[in-house]
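Let me begin by presenting the structure, written as structure tokens, before commenting on it.
The values are calculated or read from the model by the stated rules, or taken from the named source; none is laboratory data. Keep in mind that what you see is a predicted model, and the values were worked out from it rather than measured. Ideal geometry is used to build each Cβ from the backbone, glycine not excepted, and the neighbour counts take in all protein chains shown. Side chains included, ligands, DNA and RNA excluded: accessible areas come from the protein's heavy atoms. Shrake-Rupley method; radii C 1.70, N 1.55, O 1.52, S 1.80 Å.
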Amino acid sequence: MIYLDNNATTKLHPEVLEAMMPFLTEAYANPSSGYQCSRQVKKAVDRARGQVASLLGADPGEIIFTSGGTEADNTAIASSIACLPERKHLVGSTVEHPAVLQFFEMLEREHGYGVTLVPVDGNGELDLEQLEAAVKPGETALVSLMWANNETGVLFPIPEIAQRLADKGVYFHTDAVQAVGKSPIDVKEAGVHFLALSGHKFHGPKGVGALYASSHVRLKPRIIGGAQEANRRGGTENVASIVGLGKATELMQAKLAQGGHLKLRDERDYFENALKSRLPGVQINGHPDHRLTNTANLAFEGIEAQALLIMLDEAEICASAGSACHTGSLHASPILSAMGMARERALGTVRFSISSFTTREELDEAIELIVRSVEKLRQLRPGASVVEEHAST
Ligand code: PLP
């Protein structure tokens with residue numbers, strides 16, 4: 001198998017599994033119990049909290065473990081509106097993940113909230129003047145914007161946005177699920193109130209994540225029922241996964257310090273350039289520079305992405321059209337549509353996302369197969385413009 005879908009999820013790092021194993025076997029005590037062996041488990045949870053905090057430049061007390069990115073996003077939104085109950089307006093962008101968008105939609109539908117979704121341009125970028133203008137003084141409770149887009153990898157300038165919002169008296173949350181571990185992030189420099197992350201996006205386990213909540217803001221718990229996480233998230237801790245998340249953040253911090261994300265950019269660029277030089281009609285979706293270094297969102301003119309994905313799947317190459325959450329639907333990706341992309345180009349788009357486990361040999365093998373498959377699909381549709389163009393040159 002050649003796995004080129006690392007924005008959907010990632011391989012568990014062997015060192016993460018190793019760190020988790022004791023807590024799946026003999027170290028099973030409840031960290032809240034009073035005896036010696038539970039204190040060791042609690043220590044492991046605290047160590048993981050320190051590891052996550054260190055990656056983000058946060059204080060350990062500002063990290064709350066959750067069941068993943070979705071819960072962290074939901075908690076930030078729910079807490080913000082609970083702390084500012086008189087405010088009934090929320091701001092996001094048109095390309096947010098459903099973990100934010102669907103919560104906003106529910107608040108609009110069932111609780112009378114007004115929601116302003118700021119549009120993005122053809123590169124997937126925001127107009128910051130327009131964003132600022134969307135905030136209504138005294139009415140807006142929260143601005144929630146993703147750090148990196150899950151499909152295109154496009155990065156929003158979160159620190160700059162935080163600066164613009166600083167005097168507006170609103171909460172600012174960033175869904176950084178796709179950015180953490182892949183891009184350097186410092187929450188204090190960024191100036192956000194909340195940040196969501198998810199373990200399985202950077203070689204940690206699934207079903208575990210964290211919310212950074214600045215010590216300068218109040219956090220109202222979303223999951224109620226126990227004093228865990230300093231009364232901020234009830235429920236017995238998912239100890240093994242939390243330990244795994246901690247280890248994954250430690251590994252990612254070391255990788256980022258060694259410029260691992262820049263090495264990924266070289267590999268991604270190699271992949272894109274090879275496809276572009278060997279096939280006409282290949283375009284990069286999203287800003288060419290302001291995007292995650294591991295993501296290649298590519299439009300292949302004159303083909304349907306679904307057909308290409310089936311051919312790749314037969315060769316055990318994993319990639320996706322749109323995000324994994326929307327797989328199976330034949331609609332153009334809402335994110336590409338929000339960028340104003342023509343339906344045909346959006347339907348011809350495949351997302352490839354690599355990780356540090358991706359080898360050059362795997363990329364070469366994938367490139368060969370993609371080139372052959374796209375050529376074959378274009379021959380099946382002789383009317384497609386790119387094929388004519390190709391034949392005449
Ligand atoms: N936010 C973004 C941008 C994502 O890509 C994802 C996962 O695909 C999530 C939130 C949800 O994270 P989780 O799967 O950990 O709930």
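Taking a cut-off of 12 Å between Cα atoms, list the aspartates and glutamates near Lys42, but don't count ones fewer than 8 places away on the same chain.
List returned: Glu229, Glu237.
In deg cm²/dmol and to the nearest 500, what is the mean residue ellipticity at 222 nm of the chain if only DSSP H runs of at least 4 residues count, each as -39500 (n - 2.57), divided by the residue total?
So the helix-based figure for the chain works out to -13500 deg cm²/dmol.
Given a cut-off of 28 Å, name the pairs among Lys188/Lys255; Lys43/Lys188; Lys168/Lys206; Lys136/Lys201; Lys276/Lys376 whose C-alpha atoms lie farther apart than that in the structure shown.
Values: Lys188/Lys255 21 Å; Lys43/Lys188 26 Å; Lys168/Lys206 36 Å; Lys136/Lys201 34 Å; Lys276/Lys376 16 Å.
Beyond 28 Å: Lys168/Lys206; Lys136/Lys201.
When the accessible area of the chain is computed with all protein chains present and a 1.4 Å probe, what percentage of it is carbon and sulfur?
52 percent
Compute the relative contact order of the chain as a whole-number percentage, counting only Cα pairs closer than 8 Å that sit 6 or more residues apart in sequence. Working shown, then result.
Numbers: 763 pairs, mean separation 87.6, N = 393.
Across the chain, relative contact order equals 22 percent.
Order 21-32, 275-286 from most to least packed using the mean count of other Cβ atoms within 10 Å. Mind dumping the intermediate values first?
Working: 21-32: 15.1, 275-286: 18.2.
Highest mean packing first, the order is 275-286, 21-32.
Using mean Cβ contacts within 10 Å as the protection proxy, how do 45-57, 109-121, 186-198 order, highest first? Walk me through the numbers on the way to the answer.
Details: 45-57: 20.3, 109-121: 14.2, 186-198: 23.2.
The most tightly packed comes first, giving 186-198, 45-57, 109-121.
Apply the a/c threshold of 1.5 to the C-alpha gyration tensor of the chain and tell me whether it is rounded, prolate or oblate.
Values: a/c = 2.23, a/b = 1.38, b/c = 1.61.
Oblate, since a/c reaches 1.5 and b/c is not below a/b.
What ranking, highest mean first, results for peptides 76-83, 157-164, 359-366, 199-206 when packing means the other Cβ atoms within 10 Å averaged over each residue? Don't skip to the end; give the middle numbers.
Numbers: 76-83: 21.5, 157-164: 17.0, 359-366: 15.0, 199-206: 26.0.
Sorting 76-83, 157-164, 359-366, 199-206 by mean packing, highest first, produces 199-206, 76-83, 157-164, 359-366.
Could you report region 14-256's accessible area per residue, 1.4 Å probe, as an integer in Å²?
With the other protein chains kept in place, region 14-256 gives 40 Å² per residue.
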